[in-house]
Every structure is written in C-alpha cells, then in structure tokens.
Protein chains: 2
Amino acid sequence: CTPPPFPEARRGRDIFAMSSDVEGRASGGTASILPTERARASFTTLDMTHKLDGGAAKTARRRWIVSMSAGMELGLEKYHMSRAELLDRHVRDFIEIHADFGHRMGVGKFKPTREEVAWMSEHAMNSGPFWDHYVPFLTALEGQGSAAQFAEWGVRAAKLQIIGTYAQTELGHGSNVRGLQTTATFDPSSDEFVLETPTLRAIKWWPGGMAKLATHAIVYAQLRLGTLEHGVHAFVVQLRDDSHTPLPGIELGELGPKMGDAGHDSGCMRLLGVRIPRQNLLDRYQHVTRDGQYVKVKEAAANVPTHYSSMLLTRASWVQLAGGQLAKACTIAVRYSAVRQQGFVASGERQLLDHTVQRRRLLTQVASAYAVKFTARQLLSETAAIEDPGIPIKDKLQLMPSLAADSGTLKALATLMAADGIEDLRRSCGGNGYLLSSGIAALALDDLWHVTAEGDFVVLLLAAARFLVKRSQVSSFPGDAEKCPSAEDWMNGEKTLFLVGCMAAQSLEVAANRVAESRAQGVAEDDALNDAAELLMTAASWRGYHKMFVAFHSETSAAGNPPEVTMVLQRLCALFGCYVVTRMSAGMLATCTLHVGEAMRLLCAQLRDDAVALVDSFDYEDRVLNSTLGVKDGRVYEALYDASRRGFQDFAEPFSGYTSHLQPMLDREYLSHGAARARVSAERSRL
Amino acid sequence: CTPPPFPEARRGRDIFAMSSDVEGRASGGTASILPTERARASFTTLDMTHKLDGGAAKTARRRWIVSMSAGMELGLEKYHMSRAELLDRHVRDFIEIHADFGHRMGVGKFKPTREEVAWMSEHAMNSGPFWDHYVPFLTALEGQGSAAQFAEWGVRAAKLQIIGTYAQTELGHGSNVRGLQTTATFDPSSDEFVLETPTLRAIKWWPGGMAKLATHAIVYAQLRLGTLEHGVHAFVVQLRDDSHTPLPGIELGELGPKMGDAGHDSGCMRLLGVRIPRQNLLDRYQHVTRDGQYVKVKEAAANVPTHYSSMLLTRASWVQLAGGQLAKACTIAVRYSAVRQQGFVASGERQLLDHTVQRRRLLTQVASAYAVKFTARQLLSETAAIEDPGIPIKDKLQLMPSLAADSGTLKALATLMAADGIEDLRRSCGGNGYLLSSGIAALALDDLWHVTAEGDFVVLLLAAARFLVKRSQVSSFPGDAEKCPSAEDWMNGEKTLFLVGCMAAQSLEVAANRVAESRAQGVAEDDALNDAAELLMTAASWRGYHKMFVAFHSETSAAGNPPEVTMVLQRLCALFGCYVVTRMSAGMLATCTLHVGEAMRLLCAQLRDDAVALVDSFDYEDRVLNSTLGVKDGRVYEALYDASRRGFQDFAEPFSGYTSHLQPMLDREYLSHGAARARVSAERSRL
Ligand SMILES: Cc1cc2nc3c(=O)[nH]c(=O)nc-3n(C[C@H](O)[C@H](O)[C@H](O)COP(=O)(O)OP(=O)(O)OC[C@H]3O[C@@H](n4cnc5c(N)ncnc54)[C@H](O)[C@@H]3O)c2cc1C
Ligand SMILES: Cc1cc2nc3c(=O)[nH]c(=O)nc-3n(C[C@H](O)[C@H](O)[C@H](O)COP(=O)(O)OP(=O)(O)OC[C@H]3O[C@@H](n4cnc5c(N)ncnc54)[C@H](O)[C@@H]3O)c2cc1C
C-alpha cells in the first residue's frame, strides 16, 4: 500500500528538482547536514565498525547474514499492521530466509553460531515466535536431551519440520521455578507420563509461539514416580496434529495484545491428563526405567559444562541484543538531533546536539551501547574457555559458578540499561519520538520484556549477590573512595575504573557484613538475605558495571587499534565511567558530584564532532531502523510528512461515529455559512 | 463480545460453587487475601480518601462526576479495539455523558472547574480528542479571545455545536514557539488574513482532534501587516464544512499509530492561502484595524492575570492528572503484589510485598503519588490568589512570574515522576505487566507524551532556572548538607525537608555562580546559560521537589487530621523525602547513602500493613482501572485467565499464513503419526 504522492507532485511540480538543501514547500532543507557532520569526524567509520564487530572478517560475515533479509522490509506500513498480519509476514519471511540460507550453504549445512543468531535478532525487521523455536526450544533440546532425542526432535526442528515452544512459566510461578505445579506422573501400566495442570495457577503461561505457531513444546513439570517427587523436569509434548488442530486434552489460549512485539503469539496451555511416551522425558542427565525407577546418568558431571556454556551463550545473546537495540536507538536519536534545530530565540537556533543537556543524554547512551556491545563479546570469549576441550573439567567446574553469577548480573544490567536508555533517547526526540513511525518508539516497546523474561533483573542480581556473599570472596576495600577526584581525574577512564573497582569491593563488604550481623543475631538465613536485599543488589550492580568497564577499557587499550580510534574510545570509555557513577548515585560529596558533571560536559564537548560517526559505525541499514527520524540521508522532514500520508488508512472519512453521534450535535447551519464564506474567499486566492 | 465461558462451566461444573480461597482448577485461591490486608490497616480508608480529595464534600462531588460514566466501560475488550473503534466509542460516550450532565444540571448550566475536568480525565475510561476541545482550545479562546469572540465560538464550543483543536506546533518547531513559520498576512483589499504554511517545516503538526473530529482550529501564525512582522498570534480557522469535508486550501493528515492513546487522532495541516475574516484574530490583547494598523489593548483592560491564571490552572491539571495516573498504577501494583506470592524456595514463598526490594519500589511510588496529588491542590489554591478580585493587580503582577516558573517546574517533575514511576511499578508486576490487559501497561503508554507536550521537561526546567538566576533570588547556603545524618534523622520528614531546602538553595547558588563567572569572562549570555544547563536543571529540580515536599508536609501537619492519618502520612512524607534525595543522587558521603537506604527500609517496614489501604484510599473503581492485576477482590488469576480467552479473536485458526507458508515445511507424516498415538492414549485417560 503506497501512500498518495506528495501533493506537490500531484500539482505537477517536480519536487525532486527542488534542492533539498533549500527549505521549501516540499523540502525540509536538511540534506547536507549529515554529510557535513560525517566530514567532521576524527576517525574512519569503517575502522570503528570493525572494532565493534571484532574484526573485518566478522563485519563481512555479519553483513552477509543481514543481507539475507534485504527486500523483505515492511517499511512504515509495519506500524499499521494487525497482529495477524505481522505474524503472517514473520512466518513467510522467516521461512524464505532460512530456505535461502540452506540453499547457499548446502542444505542443512548452515548452523549459525549464537553470536550470529543474535545478529539476526538485532537486524530482524519483524520479530516473532520463530525466536522461541530457535533459541529457548532448541537450546533446551541440546542442553537437556540425549543424542537420540536430539536426532528425533532437534534435527526435525532445524529443518522446520516441527516447530517448538518453551513452556516453563505458569500463571502462578515465574521467578520461582521450583514452585511449578504442573505434574508429570508415570503410569507404568501404559509406560507413559500423564501431564496435568491441576490448578488454575498451574496453567502454562507466556510461551512464545504456543498460541499459534508451534507443533511441539518442551514442558516443565514436577516428576512423580509412585509416591516420590523428583522435582522439575523437561518433557517434549506434541501440541497439534498435521492439520494444526490441538490434540485432545490440550487447551490453548493467546494472552492478548502487549505493549509491543505484536506479531509474537504468547500462549497459555491447560493440560488435562495428556499422555506422552516415557521416552519424552529429556534424559541427558537422568532417565526413568520401564519399571518407574529414577536413574541419574553417570557422566552427568562431564556434561555439566555443556549445560553451563549453553546458559552463558544464551545470556551473552541477551547482552548482545540489548547492546544492539540501544545502539539502534542511539543511531536514530543522534541523527535526528544533528538534523533538528530548536532554540529559545528564532534567530539563535542550535542543532539539538549543541544543547548541552541533550548532548550529554545522547552521548552517555552512545557510551553505554559501546560498553554493552564490548561486554557481550567478552562474555562470548569467556564461554569459549568452558567449551575448550583442552581445559580440564576440574578447572572448568571451578570457573563456572562465578561465570554463571556474573552472566546473570550482566544480563540484568544490560537489559535495564537498554530499556532505560532507549526510553530516555526516545524522549530526547520530543513529540515525534511518540510516533511508532519514529522507529525509536517501537524499539522502546518491543524489547521491554527483556528486563523480566529469562530472569527478572532483581531476581538475577540478588541471586548473583547471594553467590558472592556465600563464597565470601569479599576483599576488603582497597582505596579511599571518599576522596574527591577532580573533574580532570574523572575524564581519565583509568582512574574511574579504579574507583569503580573500589566501590564494587566496598559495597560487597558492606552487604556481606550486614548478612553476617543478622546471622550472628540468629535471624533465619532467608530473612537475613531479605533484610540486606537492597545492599546485595547494589553490590551485584557495582560488580557488573565494573566488569563492563573492564571490557570497555581492554578494547580501548587493545593493540592494533588505529590511533584515532583509541583516542575517541578513551573519551567514550571515560564518559561511561562517569555515567556508571551517576547512575549508581554513588556515595560522594556534593563537590565531587559537581566534578563528575563537569567532566561529563567536557568529554561530551570533545566527542561532539564524532557523534554522528560514532553511531554510523554501528552500521544499521535504513530498512532495519525503519525510522523517519533516523534516516541515513537526514531528510527527516520529508520522511515524517511521508509517514503522515499513511495515517488515514486507519480511519474512514468522515470517521465512523460522525454521522450517528457527532453530526446531530453540530450547528450545521453555522458551519455551512462559514464554509460558503470560505469558498468565496478561496476563489479570491485563486485569482 | 463475550469470551467463551470458563471451560469448567462448559463441562457442567459450577465454578462459582467452588470456594475461591481454595486453589483449584478454576480458582486461584486468593479471594481472602485483600480483605485480610485491609483488616490490617492502621487507619480508615475513607478518612484518607477525604484527605486526598480535600474534604468529604469534594469526595462526594468527585464520586458524582465519576458516576456519570458508569456502564460505559469498554472492559478488557478495549485492548483489542482498533483506532477507529476507539475513536467511535470516545465520541459516542463523551457526547452521551455531556448531554446527561446538561440534563441534570439544567441545560448549559454545568460548567466544571478545572479540578473537576482533571478528575474527568483521571477517571476517563477511554481518552481521546474531546480533551483538546475542552482543554487547550477552550482555554485559548477564554484566555486570548475577547468577550464577543467567546460569545461566537466559546459558547458554541461549550454546547458541542463546533469542535475545536489547538494548532501551535509545526513540523519544524515545537519548543521554540517564536520560530513558527506559518504566516497570516493581512489583505486590506478583502479585509482578510491569508494563512500559509510556506515550507514543509511550517506544516501544523500534532494537534489532537484535527485529523478527524474538529470543525475549527486555533492556529498560531506570524502576523504580517504590510512589511511589518508582529510575531506569533492566534487565529480561529474553520476546517470543515457541514458535511465534515475539509474546506478549500486546507490539507489534513493523520500522524499514524503512537505508543498509546490510540483513539486520539493527532493531525497535521498544510494551509495553502486560506482566507479568514480579520475578526478571526483573537483580540483580547491587540487587534488589527480595518486599514491594517496593529493596536495593543490597554493592559488593565486586557486583564493579564486571567492569562496567567489559565496557564496555572492548566499546569495544575497536568500535575493533578500525573498524580492520578501514578496513583492508579500504585493501586494495581500494590494489590497484585499483595496477592501474588513468589520466592526462591517452594515452601518459603512470600507475598511480593514482603520482598524488601519490591516493597521499597512500591511504597516510594505510593509516597510520590501522595506528594504529587497534594502538590496539585496546593497549586490550585495558589492560583486562587491570582483570581481573587480582592487582591490588587500590582501585587498579582509581582507574584505571577515566579508562580509561572514554579508551575512549569512542577508540571515537568510531576509528569516525569509519573512516567518513570509507572514504568517501574509495571516492571514490578513481572511478565504480566507487559500485557495491555494488566491495565498498568496501558497506563505506562497512554500518557507518556505528557513529559513532552505543552512543555518538554528539559525546556521547562531550564526556563524556570533561568528565571530564578535572572531574578538572582539566590540565598546563600544556610545549612551544612555535607554533615551525615543518621538513619533515624532520615526517618524524620522535617529534618529531610530542611536538608532538601538547603540543597535547593545551594544548587541554585552553584548554578548562578557558574553563569556569573562565564559572563564575567565575556561569554555570550546564551552560551553561558547553555554551559551551565545541567546545573540549572538540577537547581530547578531541587526547588520543585522542595515545593512538593512542603505541600506534603503541610498536609501531614494540618489541623483536623485524624491521628492515625497523621501518623501514616508522617511516615509516607519522610519516605518521599528519602526518595527525592536518592532520585537526585544528592551529593552525599557513602555512609550517608547507606543511612538513607536503611531509613527507607525501616519506613517501608512500618508502612507495610497499610500498603493496601493506602492505595484503596485513592478510590478507583474496577471499571476505571480496567486491570486484571488490580481487581479490587484480588482474584487476579481468574481475571488473567479470563482475559486470555479473548486473545484468539486477534487471529484466525489456524493462523493466516499457516497453509501457504508453514504447512509445506512441516513433516506432516511425523505429526500425524504422533497425533494418532496421542488420540489412542487419550482414550486411555478417559477410561
Ligand atoms: C514477552 C514475554 C515472553 C515470555 N516468553 C516465555 C516463554 O517463551 N516461555 C516461558 O516459560 N516463559 C516466558 N515468559 C515468562 C518469563 O520467563 C517470566 O515473566 C519471568 O520468569 C518472571 O516471572 P513472573 O512474570 O512470574 O514475575 P514474578 O516472578 O512474579 O516477579 C514479580 C515481581 O516480584 C519480584 N520477585 C519475584 N521473586 C522474587 C524474589 N525471590 N526475591 C525478590 N523479589 C522477587 C520481581 O523482582 C518482580 O518485581 C515470557 C514473559 C514475557 C513478558
Ligand atoms: C501526543 C501529543 C499530542 C500533542 N498535541 C498537541 C496539540 O494538540 N497541539 C499542538 O500544537 N501541539 C501538540 N503537541 C506537540 C507538543 O506541544 C510538542 O511535542 C512539544 O512542544 C515539544 O516540541 P517538539 O516535539 O518539537 O520537541 P523539540 O522542541 O524538538 O525537542 C526535542 C529535544 O530537544 C530539546 N530541546 C528543545 N529545545 C531546547 C532548548 N531550547 N534548550 C535545551 N534543549 C532543548 C528537548 O529537551 C528535547 O529533548 C503534541 C505532542 C504529542 C506528543
């Protein structure tokens, strides 16, 4: 559906003949702004893109992957599509892309890495339930199924011969997985498990793809053998038959419209005595014998690293995706802020980028996006150690628990930083940021659930802090954070890094001491932890930010960076440090807070000329941003006006309700009188 | 459209016969939780409701007004309605309610106060463009039109015989109103103004109601008389004729889907030489003579205070509405957090309200909602002084500029607090907060534009700070904020109030000094202000929070409060103070930050038993909250499940795209084999 042409064109004037650098009836006059900005940059954009991707080869690979969806863009039309239409397009395009992948790489040969899957999500133009199939469903099959089971379901799933969904959460239990109520009771007479959601709260709730797309589910349930309870286990359950009709005993629902992510069919499921073969218990770590005995698999320990590495990879993908979404929002907001001018005085308008408050808001988020992207790569490389067959299992086992805690912390912080950062960037676009066609509004909505799903941020941070306190790896506070560094100190990333390290250590010490005191007073463990929960969260957050900062700093000082890249990264890294300190409302003297503020202002002034190049380096195509405000050529006013031509399709003319409700109220005589006068006057205009 | 009945009912069991306190297949088992919570409260809910409304008479009046829309609820169906359907219902219900008002009060006699209009917005079940007609359009007519003009358009508008929209913002200019480009050129030959949007950026952009509903607009344009420019003035322009067709030279558009507020038709407009009578310039303050002379009306006659009081009333309504929306979100999140249980151990689950982090998040927002509501009432009463005919104009003129600055600050802070607070409350509902049917998701979206419209928060805060600095009403810092109060001190609202006052004074001094230094160095005024912008924003924010805190404190210590109300308000007020201090990341020593945290934990523990009663006191009906999670009876699981029965209406079965795209990929033989097995097994279950 194309909108009606530019009215100028309708009138026979050629709008494209008008220079787009001259403000006029059909031109916003902004065409030369972004090219000018780009010319001001201190570094080469492509160098920075390579830096972000991790090398030129990776950039090439990413671009190749992203190119698969070229031509499939929904464009601004997306923002007018119904849920059903979005799902339809998601299914069509996803299948087309994946068929093509298979074709190019030799059928069935292309197995993307987790980093590559995250690139696909980051550059996806229309998210939907195939994500659940590829990520949680296949990950669980790989991590918890035996080889035979993977051959049965995993291979079929990879070829899209069956489609999976991941059913863990229930109406009554999300964060507390051990509290799940769905039961799987072994019936030795038929050699089957009987699955039941015995209460309203036990209904499976939220699985993406369950309501509409999936044929199979991995269902988590309490395993019952005779009178014994064995805790939560994973089962494969077929949901639909070959005509896509739900099987007997399976009642499926759809949760309804959400804040965003509209094409994603989030489902719910009641199980009324559904029987599945005994072999459908995922049995990498244990199995149930024909006579109902529970047997742990001997090599379980040997398999544990696989389990951990798949968790780490999943969390690294969340971090990577968070960095990507934040980077997209930065791209839109920085470009728009370069193009748009606004001020208090008509004559003295500035580019928004030159208003200091706006500049600080934008550039701190750019710094965050770089930090999160570098952190994701760091996490991926730490995971490599777990997968390295050269490293002895014993060493791995020692590494793993703290990696698990840290990756949880980083997932929590990265998704929070993205959610809060995108929203602040969106607000910095003024009223236009509220339109879905801005692109940034959709970004603000579609991933907002990431702070909650696969680990609510509070729950993850508390779990990580508990682990740290338990391990009591509390080093005592090494520095004097109450000294007051100067603005110049704060502009030096290394000094701030040291200080953030101190805060991480100190805050953990404070939290651990509080827990220890409570314990000493005889408070029950759980209550002691609950009383100290705020302190624990703070400690975990400091530690997470410290890890991010370390990742950023090591990329900054890596050998082989072109010197201009190093220079700009140093500034950005220092700015990230200041941002962390203010975000944590670090305990500091008032004067000290002023120094941080001053350092941020100066760093942002230094980074000003690189702002557009820093976001160009993220390398997002217009079709991926799908944004009026973030168009690469900077012709935002043309784009906004064009988008407004599509608004009418959502309403009739006159609107439904006019004749029945409004017209009877109106003074139509008065209106017709005014209209007659206007028509006569209009004739005068034409003369 | 009613969803299919509870499946249990379909099966012939009577679900209502089951006790809803016993967890079962059709009951969440939560029916007695909220009644128990209510019994724990230390005060009487109705006393607090009176306190919030400003007395029993006001409560009665508010309830009467709210009762007008009873029976018009859209219910959960709302979250599935299209934009066109929402607008249709808005128009139908709005007209019905207002016809009924007229009927009850004597036709044309009911003129609600601004506070009452804000109540209507707060309790509206479906927002839409009549807001623009009643608030900005009528306010501008009243404030800027002469009596004769009000008789022509205002009276018709009040009777809904014409419908207005307010067209100030343009594609290129929002915050900078002086930069508007639309022109109104006087044509003496025809005694008309000719209105033009000469450039793409001049297109009118955003007016609510313009795209579909309105018949008239107030259009802001640069007034041109011969070769002279007289700046921005307001003109009345008829947009549509008696069959609702746009008049010649007027091109209207609709901006398309937004993050929320879907039934609101935000429009845009190009004016191509539109001619209007000379009398359509709003002329309370000036007029243009027949021969094109610009004549200012004498100040006294113009009654400048009216202009100010209407601005103050408008801003007070924004503050009031922000308090209301935050209060609704608190109601939903607190009730849900009382009902829902979650924990790390199955056996040891707590109500969410008993997890300390959750409790602090909830109760600080409850404290904020009280603060914002009290502040709105304070602002309304300050406005009364401006309207009081007993006070000499001279005194009023002295009061007004600082009231203008403060009301801008409060509008900025209140809308920010609501936007950020509602989103944090939403996240505290876990995954379910992402569903529109939660009610809180819709709250988080529908008003998000309030931080931007009628004054972007940054722009308002900077303007207020500039005023303060210019007036150089900078008192030097009276106390020693770098001393470190104990947790006990922080639990005492009065001490915190003193400290916040100190911070307000100190931060203004810092900002003013910075500006003065720059000036002394010869930096141009505008650049000096821009360099100090962060400091200026901080200063204005402290001052605004201080004003809120004062309002809260004075309500707390007001004579006539029942003692239990005083007690709980003291705690809540102290908590608000701590929240302000942490939100501003006040410059404080690390140990001091710990003390604030400890004070907040203790205050929240003291307030724990009052949590549900504190939100019940806001007095929102279920039909207004329109929320599965916030239902008054606490049967949230039943409500959630019921909502999920409606999800299917958004998709076909099987979904559109199944047959053409997915089916060809699937291994249907495998699926049919599994299905056959499942059907045989299901027979076994039935035996
Ligand atoms: C869009 C979306 C898609 C999803 N997709 C899937 C899917 O495909 N499959 C699936 O199985 N699930 C899915 N989920 C569910 C998701 O995993 C859960 O939402 C998540 O685990 C959080 O659980 P909850 O929603 O029950 O929140 P709750 O656990 O009820 O948390 C509510 C609040 O309580 C607090 N809280 C909870 N426990 C504690 C504690 N122990 N200590 C302190 N505070 C606590 C939290 O911080 C939070 O503020 C999805 C959710 C969403 C929103
Ligand atoms: C839902 C909605 C409804 C609306 N309804 C109406 C309506 O009915 N009628 C109408 O006329 N308008 C309406 N508006 C427009 C609204 O008034 C403007 O959005 C608002 O004035 C802000 O202007 P802007 O959007 O152009 O943002 P901009 O002014 O472009 O601001 C963008 C960014 O620049 C910053 N900035 C701008 N100027 C300065 C400065 N001088 N110093 C420092 N920073 C600055 C801001 O802080 C912001 O971050 C509506 C807007 C929305 C979103």
Residue selected from region B:483-530 under the condition modelled with pLDDT of 90 or more and of a type in the set (Lys, Arg), by the criterion surrounded by the most Cβ atoms within 10 Å (Cβ to Cβ): B:Arg514
Just one of (1) more than 16 Å from ligand 1 (Cβ to nearest atom); (2) more than 30 Å from B:Asn176 (Cβ to Cβ) trips up A:Leu448, so point out which. (1)
Among (1) open to solvent by 40 Å² or more (accessible area, probe 1.4 Å); (2) touching a residue at least 12 places away in the same chain (Cβ under 8 Å); (3) at the interface with another protein chain (Cβ under 9 Å from one of its Cβ atoms); (4) not aromatic (Phe, Trp, Tyr) - the single one B:Ser243 does not satisfy: (2)
Among the residues of region B:447-457, write down those that are out of contact with any Ser or Thr (no Cβ under 6 Å at 6 or more places or on another chain) and either of a type in the set (A, V, I, L, M) or within 20 Å of B:Val624 (Cβ to Cβ) (or both). B:Asp447, B:Leu448, B:Ala453
Unmet requirement for B:Glu196, which otherwise passes all of (1) more than 16 Å from ligand 2 (Cβ to nearest atom); (2) farther than 30 Å from A:Pro664 by Cβ; (3) away from chain A (no Cβ under 12 Å): (3)
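Among the residues of region B:632-659, write down those that are open to solvent by 30 Å² or more (accessible area, probe 1.4 Å) and assigned to a helix (DSSP H, G or I). It would help to see each step written out before you state the result.
Our first condition is that a residue be open to solvent by 30 Å² or more (accessible area, probe 1.4 Å); within region B:632-659, this holds for B:632-633, B:635, B:642, B:645-646, B:648-650, B:652-654, B:656, B:659.
Of everything in region B:632-659, those that are open to solvent by 30 Å² or more (accessible area, probe 1.4 Å) and assigned to a helix (DSSP H, G or I) turn out to be B:Asp642, B:Phe648, B:Gln649, B:Asp650, B:Thr659.
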What is the residue count in region A:128-160 for residues that are within 15 Å of ligand 1 (Cβ to nearest atom), farther than 12 Å from A:Gly209 by Cβ and of a type in the set (Ser, Thr, Tyr)? 1
Counting only residues that are facing chain A (nearest Cβ under 10 Å) and farther than 30 Å from A:Ala442 by Cβ, how many does region B:259-279 have? 6
Scan region A:420-448 for residues that are surrounded by 24 or more Cβ atoms within 10 Å (Cβ to Cβ) and away from ligand 2 (no atom under 16 Å from the Cβ) and report the count. 3
Can you pull out every residue in region B:567-582 that is closer than 23 Å to A:Thr593 by Cβ and open to solvent by 10 Å² or more (accessible area, probe 1.4 Å)? B:Tyr579, B:Thr582
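Conditions tested, residue by residue: (1) more than 25 Å from the chain's Cα centre (by Cα); (2) part of a helix (DSSP H, G or I); (3) surrounded by 14 or more Cβ atoms within 10 Å (Cβ to Cβ); (4) modelled with pLDDT under 95.
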| site | (1), (2), (3), (4) |
| --- | --- |
| A:Pro4 | yes, no, no, yes |
| A:Ala26 | yes, no, yes, yes |
| A:Thr49 | no, yes, yes, no |
| A:Ala84 | no, yes, yes, no |
Subset of region B:660-673 (residues that are at the interface with chain A (Cβ under 7 Å from one of its Cβ atoms), touching an Asp or Glu at 6+ places or on another chain (Cβ under 8 Å) and assigned to a helix (DSSP H, G or I)): B:His661, B:Arg668, B:Leu671, B:Ser672
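Identify, please: which residue in region A:205-233 is farther than 22 Å from A:Ile162 by Cβ and within 13 Å of chain B (Cβ to nearest Cβ) and is, among those, nearest to ligand 2 (Cβ to nearest atom)?
As a first pass, look at region A:205-233 and keep what is farther than 22 Å from A:Ile162 by Cβ: A:205, A:222-232.
Subset that is within 13 Å of chain B (Cβ to nearest Cβ): A:205, A:222, A:229, A:231-232.
Numbers: A:Trp205: 33, A:Gln222: 49, A:Glu229: 54, A:Gly231: 50, A:Val232: 46 Å.
This residue is A:Trp205.
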Based on what the data block shows, is A:Gly231 touching a residue at least 40 places away in the same chain (Cβ under 8 Å) and either aromatic (Phe, Trp, Tyr) or under 16 Å from A:Gln144 (Cβ atoms) (or both)? yes
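Evaluate the following for B:Gly174: is it within 11 Å of another protein chain (Cβ to nearest Cβ), away from ligand 1 (no atom under 16 Å from the Cβ) and in contact with a helix residue (DSSP H, G or I) (Cβ under 9 Å, 6 or more places away or on another chain)? Explain how you work it out, then say what you get.
Values: within 11 Å of another protein chain (Cβ to nearest Cβ): yes; away from ligand 1 (no atom under 16 Å from the Cβ): yes; in contact with a helix residue (DSSP H, G or I) (Cβ under 9 Å, 6 or more places away or on another chain): yes.
Yes; evaluated as a whole, the condition is true for this residue.
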Using the structure shown, decide if B:Thr182 is within 16 Å of ligand 2 (Cβ to nearest atom), of a type in the set (Ser, Thr, Tyr), more than 23 Å from B:Ala384 (Cα to Cα) and within 10 Å of chain A (Cβ to nearest Cβ). no
Filter result (more than 14 Å from every other protein chain (Cβ to nearest Cβ), under 24 Å from A:Ser407 (Cβ atoms) and of a type in the set (Lys, Arg)) within region A:545-587: A:Lys547
Whether any residue in region A:342-364 is more than 10 Å from ligand 2 (Cβ to nearest atom), modelled with pLDDT of 95 or more, in a helix (DSSP H, G or I) and not aliphatic (A, V, I, L, M) is what I want to check. yes
Go through region A:412-464 and give me each residue that's under 30 Å from A:Ala532 (Cβ atoms) and in contact with a strand residue (DSSP E or B) (Cβ under 7 Å, 6 or more places away or on another chain). none
Since B:Ser337 meets every condition but one in (1) away from ligand 1 (no atom under 16 Å from the Cβ); (2) modelled with pLDDT of 95 or more; (3) in contact with a helix residue (DSSP H, G or I) (Cβ under 8 Å, 6 or more places away or on another chain), which condition does it not meet? (1)
Of everything in region B:246-258, what is at the interface with chain A (Cβ under 8 Å from one of its Cβ atoms), on the phi < 0 side of the Ramachandran plot and open to solvent by 10 Å² or more (accessible area, probe 1.4 Å)? Give them in sequence order. B:Pro248, B:Glu251, B:Pro257, B:Lys258
Among the candidates A:Glu598, A:Glu638, residue that is in the same structural domain as A:Gly430 (by the TED database) and within 30 Å of A:Glu37 (Cα to Cα): A:Glu598
Restricted to region A:164-179, and to residues that are more than 20 Å from A:Val451 (Cα to Cα) and within 23 Å of the chain's Cα centre (by Cα), which residue is nearest to ligand 2 (Cβ to nearest atom)? A:Thr165
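Can you tell me which residue among B:Tyr658, B:Tyr620 is within 23 Å of B:Gly323 (Cα to Cα) and of a type outside the set (D, E, K, R)?
Details: B:Tyr658 fails: within 23 Å of B:Gly323 (Cα to Cα).
Of the residues listed, the single one that is within 23 Å of B:Gly323 (Cα to Cα) and of a type outside the set (D, E, K, R) is B:Tyr620.
What about B:Leu629, is it assigned by the TED database to the domain that holds B:Asp446 and buried (at least 20 other Cβ atoms within 10 Å of the Cβ)? First the steps, then the outcome.
Details: assigned by the TED database to the domain that holds B:Asp446: no; buried (at least 20 other Cβ atoms within 10 Å of the Cβ): yes.
For B:Leu629, the condition - assigned by the TED database to the domain that holds B:Asp446 and buried (at least 20 other Cβ atoms within 10 Å of the Cβ) - is not met.
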When B:Leu397 is evaluated against the numbered criteria (1) away from ligand 2 (no atom under 16 Å from the Cβ); (2) open to solvent by less than 20 Å² (accessible area, probe 1.4 Å), which criterion, by number, is the only one it fails? (2)
Is at least one residue of region B:400-412 in contact (Cβ under 8 Å) with a residue 60 or more places away in the chain, within 16 Å of ligand 2 (Cβ to nearest atom) and either part of a strand (DSSP E or B) or of a type in the set (Lys, Arg) (or both)? yes
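The values are calculated or read from the model by the stated rules, or taken from the named source; none is laboratory data. The model shown is predicted, which means the values in this text are computed figures rather than measured ones. Positions of Cβ are backbone-derived with ideal geometry, glycine not excepted, and every protein chain shown enters the neighbour counts. Ligands, DNA and RNA are excluded from the accessible area calculation, which covers all protein heavy atoms including side chains. Shrake-Rupley method; radii C 1.70, N 1.55, O 1.52, S 1.80 Å.
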